Amino acid sequence: RVLWPGFDPLTIPLAVYTGERTYLFRHPSPPEGFSPVAGTQPGTFAFQGRHPSVTSNSSAEMGGTVTATLLADGPRANRGPTELAATALHEAFHVYQRRRHPGWSANEGDLFLYPIHDARLLGLRRLESAALRRALAAPNATGSACWARLALGFRRERFAGMDPAFSTYERLTEFNEGLATFVELLAAGKTTVEIPEAEFRAIEFRSRIYAIGPALAFVLERLRPGWQAALEADDKQYLDRMLESAV
């Protein structure tokens, strides 16, 4: 299936560290120390040990080319191939985003000033999450639209009570991490995302976006078919505003 219009993961280099070697796939110019793996087509390369560029599930510049990176060592090696592949696709989507949508990155400095101690804003945030959870669980599109409308109302009230820098941070991170998580979930065969009933601790507002971003995307899947292509055509639209238009 097409996970996202225009996103072809087989055009994006991938480095995987297995605990013994770092394997490099689809790279146009492997860095020094990588050797061809016999019998692989297209060519795969291996480096003995962990290459210094591969430090996490992320992306890094290797040999002058931005490359998705995946750790599959230690306990992570026990994860199934579908789960590992879905994580690799998450990181490959980040590489695609950087090329195609460079504006989808938030100012991480805003993390340090985010109003985590405002009880009213936290209450509205948790009401928003609860309504979104019900939108995802609704048995039909009408129910999803009703719960989504309620969630968006709580969000508007919450955003009105904070500096615009913080609402912008959330929206841009919903693009960056939220959509990458959405692609990861689709690749793993999922059709929804779990929002914990207890929500998230006040300080975990960034972790929350890994659930809320894909939640908005999955509700859009139900209410506005073709929303991904519309976002590709105009990447200045925020997910919540697209959903507001849909409901």
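One table, with the values for the structure above:
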item	result
Check: the range 130-213 dipole with +1 on Lys, Arg Cβ and -1 on Asp, Glu Cβ, in debye	240 debye
Residue among Thr142, Thr192, Thr173 with the largest mean-square fluctuation in a Gaussian network model of the chain, springs linking Cα atoms under 10 Å	Thr142
Dipole of the range 8-149 [Lys/Arg +1, Asp/Glu -1 at C-beta], most positive-end residue of Ala145, Ser29, Pro75	Ala145
Sum of -39500 (n - 2.57) over DSSP H runs of 4+, divided by residues of the chain (222 nm, nearest 500)	-14500 deg cm²/dmol
Proximal charge balance of Ala141 [Cβ under 14 Å; K/R count +1, D/E count -1]	+3
Long-range amide H partners of Thr67 with built H, under 5 Å	Ala60, Glu61, Met62
Electrostatic dipole magnitude of the range 32-140 [Cβ: Lys, Arg +1; Asp, Glu -1; Cα centre; debye, to 20]	440 debye
Gain in span if fully extended, Arg1 to Ile116, counting 0.36 nm per residue against the direct Cα distance	37.4 nm
Convex hull per residue volume in Å³, alpha carbons only, for the range 152-194	72 Å³
Surrounding net charge for Gly63, when Lys and Arg each add one and Asp and Glu each subtract one, Cβ distance under 14 Å	-1
Reciprocal of mean inverse Cα separation for the chain (Kirkwood radius, Å)	19.4 Å
Lys, Arg +1 and Asp, Glu -1 on Cβ, resulting dipole of the chain about Cα centre, debye, nearest 20	460 debye
Amide hydrogen neighbours beyond the local backbone of Asn57, cut-off 5 Å, H modeled	Leu71
Per-pair calculated FRET efficiency, R0 = 41 Å: Asp234 and Ile203 via Cβ, rounded to 0.05	0.75
Where N is the number of residues in the range 62-104, Cα Rg divided by 2.2 N^0.38 Å	1.36
Loop sites in the range 51-102: trypsin sites (Lys or Arg not before Pro), DSSP, at most 14 other Cβ within 10 Å	Arg79
Note, ³J(HN,Hα) from phi for the range 181-190, Karplus 6.51, -1.76, 1.60, rounded to Hz, x at Gly and Pro	5, 4, 4, 4, 5, 4, 5, 7, x, 8
The range 198-240 - accessible surface per residue (Å², probe 1.4 Å)	41 Å²
Per residue, the convex hull volume that the Cα atoms of the range 143-244 enclose (Å³)	108 Å³
Label-point gap, in nm, between Arg99 and Asn78 - each point 7 angstrom along Cα→Cβ	3.6 nm
Within the range 13-28: backbone nitrogen closer than 18 Å to the Gln48 label point (7 Å, Cα to C-beta)	17-24
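The values are calculated or read from the model by the stated rules, or taken from the named source; none is laboratory data. Computed from a predicted model, the values in this text were never measured in an experiment. When we count neighbours, we look across all protein chains shown, and the Cβ atoms used for this are built from the backbone with ideal geometry, even at glycine. The protein model used for the area step is the full one, side chains on, heavy atoms only, and it has no ligands, DNA or RNA in it. Shrake-Rupley method; radii C 1.70, N 1.55, O 1.52, S 1.80 Å.
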